[in-house]
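Just so you know, all these numbers are worked out from the coordinates, no wet-lab data involved. Just so it is clear, the structure is predicted and the values come from calculations on it, not from any experiment. Ideal geometry is used to build each Cβ from the backbone, glycine not excepted, and the neighbour counts take in all protein chains shown.
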Amino acid sequence: MSTVRVRCLLQQCTKATLRLQDDSVVTINRGMVVFVAFIKDAQLDDVDKLAKEIATVKLCESENGGLKTIVDLPGDLLIIPQATLGGRLNSHRFQYHHNINKDTGQEFYDRFVSNMRDLCSQNSNNVVHAGSYGIRQIYSSETNGPAMHIIEF
């Protein structure tokens, strides 16, 4: 059985807001929210692979009803570190022993955000925002359907 090294949840949105610990607020309009967690065995290659997968997945609805990538769509991207995606249920409680250590997780998260900014810069209409790693944040969103998709490897 192979071990999951990266887990990511994608959600289309019409609007999403993330309030950081310092009370600053990041808001995006039409686009996609990416929740990401790195697990113990994750490698830098996994970070690069995940960014490429997200940039090329046809998930976003266009005006004509077809699907486009976030790079092709004039839309925004909000990246939120979500360590709880690495949790495992054990006796009615979630445990997070398999998550990557905080320093490496910060390094991987920063690289992932940088990769996504580079990939999305191909479209001048795209804006990439990112939450802060390792702190609690308040999130809210409006969607045009509660569709969520998981990428893990």
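Worth a mention:
- On the stretch given as region 56-66, residues that are assigned to a strand (DSSP E or B) and exposed (fewer than 13 other Cβ atoms within 10 Å of the Cβ) total 0.
- Pairing each residue of region 42-69 that is in contact (Cβ under 8 Å) with a residue 12 or more places away in the chain with any residue that is part of a helix (DSSP H, G or I) and hydroxyl-bearing (S, T, Y), provided the two are 6+ apart or on different chains, yields C-beta distances under 7 Å for T69/T56.
- The one condition from (1) touching a strand residue (DSSP E or B) at 6+ places or on another chain (Cβ under 6 Å); (2) closer than 29 Å to T3 by Cβ that R93 does not meet is (1).
- The combined condition, being exposed (fewer than 12 other Cβ atoms within 10 Å of the Cβ) and under 21 Å from R19 (Cβ atoms), is fulfilled by S140.
- Selected residue [surrounded by 14 or more Cβ atoms within 10 Å (Cβ to Cβ), in contact with a Lys or Arg (Cβ under 8 Å, 6 or more places away or on another chain) and farther than 15 Å from R30 by Cα] from G75, G105, G86, G131: G86
- The set of residues from region 29-45 being of a type outside the set (F, W, Y), out of contact with any Ser or Thr (no Cβ under 8 Å at 6 or more places or on another chain) and under 25 Å from N123 (Cβ atoms) comprises G31, M32, V34, V36.
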